[in-house]
Amino acid sequence: MRFFNSLNRRRSIRRCDVRRQHGLLGGETVKQQRPSRRRRGATSVEFALVAIPMFLFIFATVEFGRTMMALESMEEAARCGAREAILAGATTEKIETEVHDIMSLLGLEDEEYTVEISPANLSAQERWSPVTVTINATFDDVSWLPVPMYLGNVPLSASATLAKECPPEES
């Protein structure tokens, strides 16, 4: 027994010397104490207080990130629709099909967004006149969360305007 006591004493002296060399002890050895009975539940209470804002921040980050992704996808769909609209022989059906192909990648169905094409009569447009495709949706339609917490019914809108490339079609 005496051997083990001396061995443990040597190990603790070595640990203290290493701690003292690295400035961890401040010149004297410190005996570790167990937390009192009153402090044992403090960790779980502190976690509960910190966890709520942390999870709210995580959900907000996901929700705002999804909003930005949806806006970028809607802008890309509007650009593709406008590119289709400026070509010769463009029809409203072709443009809406092009927009629908991009919006389906976002996970939206036709009834969850609207497509507006301005001007309505594309075949009568003069060369270099502007053609605008606008897409409107709400955040509720694009959210991944079952109950959107922050952005609720926020309207999302994206549009693209390009110049008509071909002369008006002859009737």
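Some notes on this structure:
- Most to least packed among 112-125, 56-69 [average Cβ atoms within 10 Å]: 112-125, 56-69
- Contact order for the stretch 48-158, expressed relative to its length and based on alpha carbon pairs under 8 Å spaced 6+ residues apart, stands at 30 percent.
- Across the stretch 47-171, the convex hull enclosing all Cα atoms gives 91 Å³ per residue.
- List Glu109, Glu84, ordered by accessible area with a 1.4 Å probe, largest first: Glu109, Glu84
- Peptides 131-140, 92-101, 73-82, 41-50 ordered by average Cβ neighbours within 10 Å, highest first: 73-82, 131-140, 92-101, 41-50
- Solvent-accessible area of Ile102 with every protein chain in place, 1.4 Å probe, in Å² to the nearest 10: 40 Å²
- Leu87-Glu111 FRET efficiency (beta carbon distance; Förster radius 30 Å; 0.05 resolution): 0.65
The values are calculated or read from the model by the stated rules, or taken from the named source; none is laboratory data. Model, not experiment: these values are computed from the prediction. Neighbour counts are summed over all protein chains in view; Cβ atoms, including those assigned to glycine, are modelled from backbone coordinates with ideal geometry. Keep in mind that these areas ignore ligands, DNA and RNA; they rest on the heavy atoms of the full protein, side chains included. Shrake-Rupley method; radii C 1.70, N 1.55, O 1.52, S 1.80 Å.
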